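J.: Structure in structure tokens, see below.
Read-outs: derived from the displayed coordinates by stated rules, not from any lab. Predicted model only: the values in this text are computed from it and were never measured. Here the Cβ positions follow ideal geometry from the backbone for every residue, glycine too, while neighbour counts run over all protein chains shown.
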Amino acid sequence: MSKGKNRFIHADLSRCLSCKSCELACGLAHAGYEIEGAAAGQMKLKPRVSVVQQGTTVALTQCRQCEDAPCVKVCPNGSLYQEEGLVKLNRETCIGCKLCARACPFGSITMTTEMVERADGKKSNRTKALKCDLCFSRNKEIKAAGCACIQACPTKVLSLSL
């Protein structure tokens, strides 16, 4: 991959209201729901972006799509890989070892637990990594208009760096 091609969400936090609209939009977009459907179904959303506020300081935790990504280097089975200027995650093959979450210098990879059906028909919990994919999983291309968090921000804090 050539240098300078990685894309990521840029935030001008001086305008951030900490309203968490970006978190809600991200969670809804990846769950495949609109806001009305999520409210009616009482879904537990899993956003890939997080707004953290400590006093008057606001920070955005989100994957920076690193060119030399530490998470990709430590993934033991290639579930995290780089392609098209993105650090992509194959959640189907993720073994939930948490090495990627520990390696990320930005704290942008979280672990989630979901119920899966095993080969014997019984259900069990399985831990998997979760990270921002710039909404590639729902758009199949990278563009600012396709990123749910960018669309939802009322003060236009977020933009796509190209």
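J.: Quick one: order 156, 73 by neighbouring beta-carbon count within 10 Å, fewest to most. Intermediate results must be reported in sequence, preceding the final value.
T.: Numbers: 156 9, 73 12.
Fewest-to-most Cβ neighbours within 10 Å comes out as 156, 73.
J.: Over 19 Å between Cα atoms: which of 46/88; 20/131; 46/123; 46/73; 98/123 fall into that group? Let's see the in-between values first.
T.: Numbers: 46/88 17 Å; 20/131 17 Å; 46/123 21 Å; 46/73 25 Å; 98/123 22 Å.
With Cα atoms farther than 19 Å apart: 46/123; 46/73; 98/123.
J.: While we're on this one: With the chain treated as a Gaussian network of Cα nodes joined by springs under 10 Å, which of 85, 96, 32 yields the largest mean-square fluctuation?
T.: Its mean-square fluctuation being the largest, the pick is 32.
J.: Using just the helices of the chain, give the 222 nm mean residue ellipticity in deg cm²/dmol: DSSP H runs with n ≥ 4 each add -39,500 (n - 2.57), and the total is spread over all residues, rounded to 500.
T.: Numbers: 6 runs with 37 residues, N = 162.
Only helices count here, giving -5500 deg cm²/dmol.
J.: May I pose another question? Once the Cβ-Cβ distance between residue 137 and residue 57 is put in as r, and R0 is 41 Å, what FRET efficiency do you end up with, to the nearest 0.05? Don't skip to the answer; put the middle values down first.
T.: Working: r = 31 Å, r/R0 = 0.75.
Calculated transfer efficiency: 0.85.
J.: Considering segment 80-156, what Rg and Dmax in Å follow from its alpha-carbon atoms?
T.: Just the Cα atoms of segment 80-156 yield Rg and Dmax of 15.1, 50 Å.
J.: Loop sites only, by DSSP: take the GluC sites (Glu not before Pro) in the chain that have at most 11 other C-beta atoms within 10 Å and name the longest stretch containing none of them.
T.: Working: sites that count: 34, 92, 141.
In the chain, the maximal stretch lacking such sites is 35-91.
J.: Now, a different point. Quick one: divide the alpha-carbon radius of gyration of the chain by 2.2 N^0.38 Å and tell me what you get.
T.: Working: Rg = 16.2 Å, N = 162, 2.2 N^0.38 = 15.2 Å.
Output field value: 1.06.
J.: Could you grab the relative contact order for segment 65-131? Cα pairs under 8 Å, six or more apart, rounded to a whole percent.
T.: Numbers: 105 pairs, mean separation 19.1, N = 67.
Over segment 65-131, the number comes to 29 percent.
J.: Would you calculate the separation in nanometres between label points at residue 112 and residue 15, each defined as 7 Å from the Cα along the Cα-to-beta-carbon direction?
T.: It is 2.9 nm.
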